[in-house]
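So the structure is just underneath, and the comments pick up after that.
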Amino acid sequence: MLTPEQVKQIILNSKVLPEAEIKKAATEAANENISLANYLIGQKTLSENGLYESIANHFGVPFVNLKKKVIRKDLLRIIPEQIVQAHQVVAFDQNPETVKLATTDPSDLEIFEFIKKKTNLIPEIHVTTPSSIKEILKQYHKGIKAKFKEMAAPGEGEEIVSDQKDLKKLAQDLPIIRIVDTLLEYAIYEGASDIHIEPTEKDVIVRYRIDGILREVMTLPKKIKSGVVARIKILSNLKLDEHRLPQDGRFKVNTEEYKVAFRVSIIPVYDGEKIVLRLLNESAQIMSLEQIGLLTDAYNSVKKNIQKPHGMILVTGPTGSGKTTTLYTILNILNKPGVNISTVEDPIEYRMPRVNQSQVNPKIGFTFSVGLRALLRQDPNIIMVGEIRDKETAEISSNAAMTGHLVLSTLHTNDAVGALPRLLEIGIPSFLVASTTNLVMAQRLVRKVCPSCIMSYNLSKKAIAELEKQINFNELLESLSKSGAIASLKVEPESLLFYRGKGCQECGQTGYKGRLGIYEVLEIDHEIADLITKNPTSEDLLKLAQAKGMMTMMEDGFTKAKMGITTIEEVLRVTKD
């Protein structure tokens, strides 16, 4: 790979950044232990294409963007996947005399010489981006279903059981190891958040949760079920001979390309043992408030309230709605050398430098309330509590917020206003809730429209009639007008442009790629605090919050649908109670 000094010199020569800014970025990159190129791209100081075009110009070779290019299988076979990963080089075209290579490092002469000897073709070097190489690597994995058919072709005979073969030996069989490794690797490349391995009477179904939706990806023969279960138990350090009780474990997969932790849950079901693996990408970069999807007003409210020295910030929503990601995004902004940040979590999903993170363990009595009491003796400025589940945790959090600490936590409620009555129901005095709560955010995750196949359309009269059964269309138009998504309230509903994805290879024909949040941000001011002391209902709070300009989650979602970020169908799917 290009050294930081080479990258620094290339940027200097291309005059896209002043020298002082490059030096500062190089120091920051070294402190964070990442490459200068990745730091500049991550901070959006330079675009990825812009940086690698400068590298191409420096070496006098063409630049090529391969993100949307489908490469023929015979070209993929020229360079093995392991070499593509290690040297960031792919073959993307050839003729009888030459082979076109795309690389992120045109100075890697050794690998070009190797490919020349292997193919007897003259290499034509092009520069591409790391994300282009990543997309091409996915094409190596498109044939994984076929690979599974070879590895686990259905054969005659019953499932291999433990009395035919010792379970430990079974888990160490090469075909079983290859099947499990491929399952995990494919899930990582597909961007799955969970893997479900479900035994049925006749076979084993494998499903991945991608962008929040479960998709069936393959079916394995039942005869390999015991081997797969045993292999995952060995990886997770679980009891091989326990088939009647649920078990939980974890393991990590570390390569140069990614670091992924797997949380494993195994539970006995009628046809065997069902396994669910949660993928936690430890090398994932923490996003900014804009990147997670906060629009201007919500962004300003959050930014203002997280700068307060004490009080409580609550994020609410169901499991899997991105609450933890939002809390880490806020922590990342607050994470400065002058503050002590401590967390108690279940589990630790991201590792953050300079943050003291501890994980609860109820088996030994280390609960949220016990951890929180201990943290208060550690002189913290900012505390993050993974979840407020009981009265004791709620009381300690509220008292900590009142005595000079900024407390971040999550609650399971459907909307922002519902969090306040929930705290009152738990048993926290209304004056304490009113005086310590600064901000409540409710959120859901919606799938984003695939940028490669986005198309616009107008709502038909039939579609509008269907929408009006679920929402008040006039209120929706008012909200879109307030947020600036439409110019006037007088607009005809049929003339409104909305967006969806047609479905393409990039998004697996779904029309969606990636996710972001839709939000409801309730700022606690004097009027709302005064109402809290009167033990209000959620309806009372909602009425006052909307009168003060709060945008509901559905309104935020429809604004993003009008902007072409998501679709109406997605907003309705995640906001219906």
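The values are calculated or read from the model by the stated rules, or taken from the named source; none is laboratory data. This structure is a prediction, so every number in the text was calculated from the model and none was measured. Ideal geometry is used to build each Cβ from the backbone, glycine not excepted, and the neighbour counts take in all protein chains shown. Surface areas here come from the heavy atoms of the whole protein model, side chains and all, with no ligands, DNA or RNA. Shrake-Rupley method; radii C 1.70, N 1.55, O 1.52, S 1.80 Å.
What number does segment 479-539 give for Rg over Rh if you use C-alpha atoms and the Kirkwood radius?
Dividing the radius of gyration by the Kirkwood radius yields 1.20.
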Cut-off 13 Å between beta-carbons: net charge of the residues surrounding Asn438, Lys and Arg +1, Asp and Glu -1:
+1
For segment 304-461, take every pair of Cα atoms, bin their distances at 10 Å starting from 0, and report each bin as a whole percent.
10, 39, 32, 10, 6, 2, 0
For Ser456, what is the net charge nearby, where nearby means another residue's Cβ is under 12 Å from its Cβ and Lys, Arg count +1, Asp, Glu -1?
+3
In the chain, what % of DSSP beta bridges are antiparallel (nearest 5)?
65 percent
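Just the number, please: carbon plus sulfur as a percent of the accessible area of segment 242-283, 1.4 Å probe, no ligands or DNA/RNA counted. Spell out each step's value before the answer.
Details: 1230 of 2490 Å².
The C+S portion of the solvent-accessible surface of segment 242-283 is 50 percent.
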Considering only the other residues whose Cβ falls under 13 Å of the Cβ of Glu345, what net charge follows from Lys and Arg at +1 and Asp and Glu at -1?
+1
Binned Cα-Cα distance frequencies in segment 381-533 - 5 Å width, integer %
2, 8, 12, 14, 14, 11, 10, 10, 10, 7, 2, 0
Taking a probe of 1.4 Å, how large is the accessible area per residue of the chain, in Å²?
50 Å²
Could you tell me the center-to-center distance, by alpha carbons, between segment 74-102 and segment 174-188 in angstrom?
24 Å
Using a/c under 1.5 as the rounded threshold, could you call segment 192-260 rounded, prolate or oblate? The axes a ≥ b ≥ c are square roots of the C-alpha gyration tensor eigenvalues, and prolate needs a/b larger than b/c, oblate otherwise.
oblate
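Taking a ≥ b ≥ c as the square roots of the Cα gyration tensor eigenvalues, with a/c under 1.5 meaning rounded and otherwise prolate when a/b beats b/c, else oblate, which class fits segment 197-237?
Numbers: a/c = 3.18, a/b = 1.28, b/c = 2.49.
Oblate, since a/c reaches 1.5 and b/c is not below a/b.
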With Kirkwood's inverse mean 1/r over C-alpha pairs for Rh, give me the Rg to Rh ratio of segment 1-114, two decimals please.
1.01
What Kirkwood hydrodynamic radius, in Å, does the chain give when the mean of 1/r is taken over all pairs of distinct Cα atoms and then inverted?
27.0 Å
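By per-residue mean of other Cβ atoms within 10 Å, what is the highest-first order of 467-475, 131-139, 312-320?
Details: 467-475: 12.4, 131-139: 18.9, 312-320: 20.9.
So the peptides 467-475, 131-139, 312-320, ranked by packing, come out 312-320, 131-139, 467-475.
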May I ask for log10 I(q)/I(0) of segment 251-375 at q = 0.10, 0.12, 0.16, 0.17 Å⁻¹, from a Debye sum over the Cα atoms as equal point scatterers with solvent left out?
-0.42, -0.60, -1.01, -1.12
Can you give me the C-alpha center-to-center distance between segment 537-577 and segment 232-265, rounded to a whole angstrom?
39 Å
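Order the peptides 71-81, 30-40 from the highest to the lowest mean number of other Cβ atoms within 10 Å of their residues.
Numbers: 71-81: 15.2, 30-40: 16.7.
The packing order, highest mean first, is 30-40, 71-81.
Is any helix in the chain, taking whole DSSP H runs, at least 20 angstrom long along its axis by alpha carbon and on average at least -1.0 on the Kyte-Doolittle scale, and which ones?
Values: long enough: 174-190 (24 Å, 0.91).
TM-like helix candidates: 174-190.
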